[in-house]
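Visitor: Questions regarding the structure given below will be posed in turn.
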Amino acid sequence: MTHTHHYGAVAADPAALPRRDLGLAMRRGLRGRCPHCGEGKLFRAFLKVADRCDACGTEYHHHRADDLPAYITISIVGHVVVGGMLYAETYGDWPVLWHVILWPLLVIALSFAIIQPIKGAIVGLQWANRMHGFSATPDGDDLPILQPHRDHAR
Ligand SMILES: [Zn+2]
């Protein structure tokens, strides 16, 4: 059984390919490491995913993390900050200036702290599930692609 890739190549049924460890791939991505080997760097800049692993050669450019890391970051930071604001308003007696300074700083600090690990975990999830182009990555455990012409049609 075959299915058509988003870029036009016909690959073997992903269900017939060896299973990739989802939890392991996401934990490696969370640490900014290659989901496949755990050694190479996943990012070439803060939020720029490298084209391929410098240790094992696994290609990452297939990822489609898109807006999901930002969406998850906003959800987490929003819950923490809005919860904190309500708590401080209810039980604290802070001068308004404290609120004006603290909450925006907390939003910025938390967002920068968690968005890269979240993006790494999402790329790991997409790799492990062979989403997008990841079923065709030549990482040694894949069956050959039957018609590997890549016309990049989407
Ligand atoms: Zn690697």
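No value in this document is a laboratory result; all are computed from the given coordinates. Just so it is clear, the model here is predicted, and its values are computed rather than measured. Because the Cβ atoms are built from the backbone with ideal geometry, glycine has one as well, and the counts that use them run over all protein chains shown.
Visitor: Once both labels are modelled 7 Å past Cα along the beta-carbon direction, what's the R31-A55 spacing in nm?
Guide: About 0.8 nm, to one decimal.
Visitor: Let me ask something else. For R33, which sequence-distant residues (separation of 5 or more, or a different chain) have an amide H within less than 5 Å of its own amide H, given hydrogens modelled in the peptide plane?
Guide: L42
Visitor: May I pose another question? Quickly work out the L24-to-H99 label distance, labels modelled 7 Å from Cα along the C-beta direction, and quote it in nm with one decimal.
Guide: Placing both labels 7 Å along Cα→Cβ, they lie 5.0 nm apart.
Visitor: Tell me the relative contact order for region 2-136 as a rounded percent, counting alpha carbon contacts under 8 Å between residues six or more apart. Could you put the intermediate results ahead of the total?
Guide: Numbers: 176 pairs, mean separation 49.1, N = 135.
Over region 2-136, the number comes to 36 percent.
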